[in-house]
Amino acid sequence: MQPGWMLHSFVCVGVALVSFLLSIKMIGKLKRSDARYLTSVTFGFFWALFGVSYLFFGLSIASEYTSDSGITLAFFYASFASLLMMSAPLSYFIMHILLGDKRISIATSLGFAVIGLTCIIVLFTVGVDMASPDFWIPKYDLDPLLQYLFVFGLYVPSLSMILGLLPFVALRIAPKFTKYKITLSLIALSLVYDFVLLGILGISGLSRVISSLFILLGALLGYAAFFPPKIAIRVFKLEEKEFEEYVGYEGDGE
Amino acid sequence: MTVDVKWEGEVAEFYRSFGMNQGLGDIQYRLILKVLSLNGVSKATNFSDIRKYTDEIADRGSIASKMKTVIQFEGLAKKIGRGEYVITEKGLLAADFIDKSSKHYKSVKKTLERVERIP
C-alpha cells in the first residue's frame with residue numbers, strides 16, 4: 001500500500017472521465033440519417049472502451065490501496081480485456097474514412113475483434129502476476145505471449161492504420177477544420193497507443209505515472225479535436241470566413 | 001484496351017466546371033485523342049472506330065468538324081487516307097496529358113470523398 005497509488009488512480013479516473021465525455025458526444029454528434037453516423041459512433045465506442053479500461057485500471061489501483069487483492073485482480077482483468085477490444089471499433093473508423101467500403105471496414109473490425117478475444121482467452125488462461133509494487137503503482141507482470149500478441153496483433157496494425165490518416169494533414173484541398181481534426185486525432189491516438197504499450201511492456205515507478213499523464217493529455221487532445229475550445233478556434237483560425245458577393249460594377253469605388 | 005465514354009464524360013464535366021470548355025473539358029476532344037492514341041503513331045485509325053465511341057455523345061458532323069478544326073489543324077493527327085487518321089508525336093503528348101488529367105480527377109475525387117466521410 002503506497003500513497004502514490006491513490007494519485008495514480010485519480011489520473012486514471014480522469015482519463016476515463018474525459019474518454020466517456022468524448023464518447024458520449026461522438027455518439028450523439030450526428031443523426032442516424034447522416035452517412036457518417038456509423039463512423040462517428042465507432043469512434044465513440046473506441047473512446048468508451050478506452051474509458052472503461054482506464055476506469056477499471058484506476059479502480060484496481062484504488063482497491064489495491066485499500067488492500068483488497070481479490071477485487072483488484074478482477075478490476076485489472078476487466079481493464080485489460082476492454083483495452084484488448086478497443087482496436088476493433090477504431091479499425092472501422094479508420095478503414096471507413098480511408099476506403100469508404102463498409103464490408104472491408106466491418107471485416108477489418110471483426111479481424112481485430114477476433115485478435116482481441118484471442119488475447120482475452122490467453123489472459124484468462126495464463127493469468128497475471130502481481131510483482132514488486134513500487135511507490136506509484138502495484139506492478140503487474142504480463143505473460144510474454146500476451147505482450148507479443150498485443151504488440152504484433154493489435155499495436156502494430158493499429159498504429160499502421162492510424163498512420164494511414166497522415167496524408168490528410170498535408171492536403172491542400174481539405175478544409176482547415178478537417179486538417180485540425182485529423183492532426184489532433186493522430187496525436188491523441190498515438191499518445192494513447194504508445195503510452196499504453198509502455199504500460200503493457202511493464203514500465204513502473206514515476207515513469208508510469210508520467211505515461212498515464214500523457215494518456216490523459218491524449219484523451220484531452222482527442223476531445224479537443226472534435227469539439228475544439230474557443231481558444232483553439234481563435235488560434236488556429238478554424239472558422240471559415242464567409243465573404244459576401246460584390247454585386248456592383250467593376251469600376252465602382254475607383 | 002478500350003475507352004470508357006461514361007468516365008471520360010465525368011472527367012470532362014469536372015474540368016468544364018472550372019471553365020475549361022475546350023481541351024480537358026471537351027468530351028469530343030478527349031474521346032478522339034484517346035481512340036487515336038490506342039493505335040499509336042504507326043497504325044492508322046478509321047473514322048468509324050472513333051465514331052464507335054463518339055456516337056453516344058455527338059453526331060457525325062460535329063466529330064468530323066472537331067477532327068478538322070482542332071485535331072488536324074493543331075497537328076495532333078494526320079489524315080492519311082479516306083476516313084483514315086494517324087496520331088502524331090504531338091498528339092500523343094496531348095493524349096498523355098488527358099490521361100494525367102483523368103488521374104488527377106480520380107485522386108481529387110477520392111480525397112474529397114474521404115474528407116466527407118470524416119465525422
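The values are calculated or read from the model by the stated rules, or taken from the named source; none is laboratory data. Since we're looking at a predicted model, the values are computed, not measured. Here the Cβ is made from the backbone with ideal geometry for all residues, glycine too, and neighbour counts use every protein chain on show. Heavy atoms of the whole protein, side chains included, go into the accessibility calculation; ligands, DNA and RNA do not. Shrake-Rupley method; radii C 1.70, N 1.55, O 1.52, S 1.80 Å.
So, counting K/R as plus one and D/E as minus one, what does the shell of residues with Cβ under 11 Å around residue A:127 add up to?
Values: positive: none; negative: A:129, A:141, A:143.
In short, -3.
Nothing charged except the Cβ atoms of Lys and Arg (+1) and of Asp and Glu (-1): what's the magnitude of the dipole of chain A about its Cα centre? Round to the nearest 20 debye. Before the final figure, lay out the partial values.
Details: 17 positive and 17 negative charges, 61 e Å.
So the dipole magnitude of chain A works out to roughly 300 debye.
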Complex-versus-alone comparison for the range A:22-37, residues with a loss of 20 Å² or more in accessible area, probe 1.4 Å: A:36
Cut-off 15 Å (backbone N to label point 7 Å along Cα→Cβ of residue A:145), residues of the range A:76-120: A:117-120
Could you run the numbers on buried accessible area between A and B, total for both chains, 1.4 angstrom probe, in Å² to the nearest 100? 1200 Å²
Long-range amide H contacts for residue B:57: which residues qualify at under 5 Å (H placed 1.01 Å from N, peptide plane, sequence gap of 5 or more or a different chain)? none
Averaged per residue, the 1.4 Å probe accessible area of the range A:88-193, protein heavy atoms only, in Å², is roughly 45 Å²
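Classify the range B:5-113 as rounded, prolate or oblate from the Cα gyration tensor: take a ≥ b ≥ c as the square roots of its eigenvalues, call it rounded if a/c is under 1.5, otherwise prolate when a/b beats b/c and oblate if not.
Working: a/c = 2.04, a/b = 1.67, b/c = 1.22.
Prolate, since a/c reaches 1.5 and a/b exceeds b/c.
Roughly to the nearest percent, how much of the accessible area of the protein assembly as shown is carbon and sulfur, given a 1.4 Å probe?
Working: 12080 of 19480 Å².
Whole-percent figure for carbon plus sulfur exposure: 62.
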Within the set A:69, A:204, A:60, GNM on chain A using Cα springs under 10 Å gives the largest fluctuation to A:69
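What does the charge count around residue B:118 come to, taking other residues whose C-beta lies under 9 Å from its C-beta (Lys +1, Arg +1, Asp -1, Glu -1)? The partial results should precede the final answer.
Values: positive: A:36, A:181, B:114, B:117; negative: B:116.
Once all neighbours under 9 Å are counted, the net charge is +3.
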Calculated from DSSP H runs of 4 or more alone, at -39500 (n - 2.57) each and per residue, what is the 222 nm mean residue ellipticity of the protein assembly as shown, nearest 500? -22000 deg cm²/dmol
Of A:34, A:134, A:101, the most mobile residue in a GNM of chain A (C-alpha springs, cutoff 10 Å) is A:34
Measuring from the longest principal axis of the C-alpha atoms of chain A, the long axis of helix A:206-226 (C-alpha) lies at a number of degrees, nearest 10, equal to 30 degrees
What angle, in degrees between 0 and 90 and rounded to the nearest 10, separates the Cα long axis of helix B:5-16 from the longest principal axis of the Cα atoms of chain B? 70 degrees
On the first, second and third principal axes, largest extent first, how far apart are the outermost C-alpha atoms of the protein assembly as shown in Å? 97, 60, 35
Acute angle (nearest 10 degrees) that the helix B:27-39 long axis makes with the longest principal axis of chain B, alpha-carbon atoms: 60 degrees
Report, in listed order, any pair from B:43/B:100; B:78/B:109; A:237/B:100; A:181/B:100 with a Cα-Cα distance greater than 27 Å. B:78/B:109; A:237/B:100; A:181/B:100
At least 40 Å² of accessible area lost relative to the chain alone, listed for the range B:95-119 with a 1.4 Å probe: B:111, B:114, B:115, B:117, B:118, B:119
Give me the 1.4 Å probe accessible area per residue for the range B:5-113, excluding ligands and nucleic acids, in Å². 56 Å²
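Given the Cα-Cα distance of residue A:171 and residue A:214 and 0.36 nm per residue of separation, how much length would full extension add, in nm?
Values: separation 43, 0.36 × 43 = 15.48 nm, distance 2.79 nm.
Length gained between residue A:171 and residue A:214: 12.7 nm.
Relative contact order for chain B using alpha-carbon pairs under 8 Å, separation at least 6, rounded to a whole percent? Let's see the in-between values first.
On the way: 130 pairs, mean separation 30.9, N = 119.
Result for chain B is 26 percent.
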Taking 22 Å as the cut-off for C-alpha to C-alpha distance, list the pairs among B:52/B:106; A:29/A:102; A:241/B:106 that go past it. B:52/B:106; A:241/B:106
Near residue B:103, which aspartates and glutamates are there with a Cα under 18 Å away, not counting those fewer than 8 places off in the same chain? B:4, B:8, B:10, B:13, B:26, B:113
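Provide the net charge surrounding residue B:78, with neighbours chosen by a C-beta distance below 15 Å and charges set as Lys +1, Arg +1, Asp -1, Glu -1. Numbers along the way, then the final one.
Values: positive: B:43, B:68, B:79, B:82, B:90; negative: B:74, B:84, B:89.
That sum, taken over residues with Cβ under 15 Å, equals +2.
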Chain A: most fluctuating residue of A:176, A:237, A:102 per GNM, C-alpha cutoff 10 Å: A:237
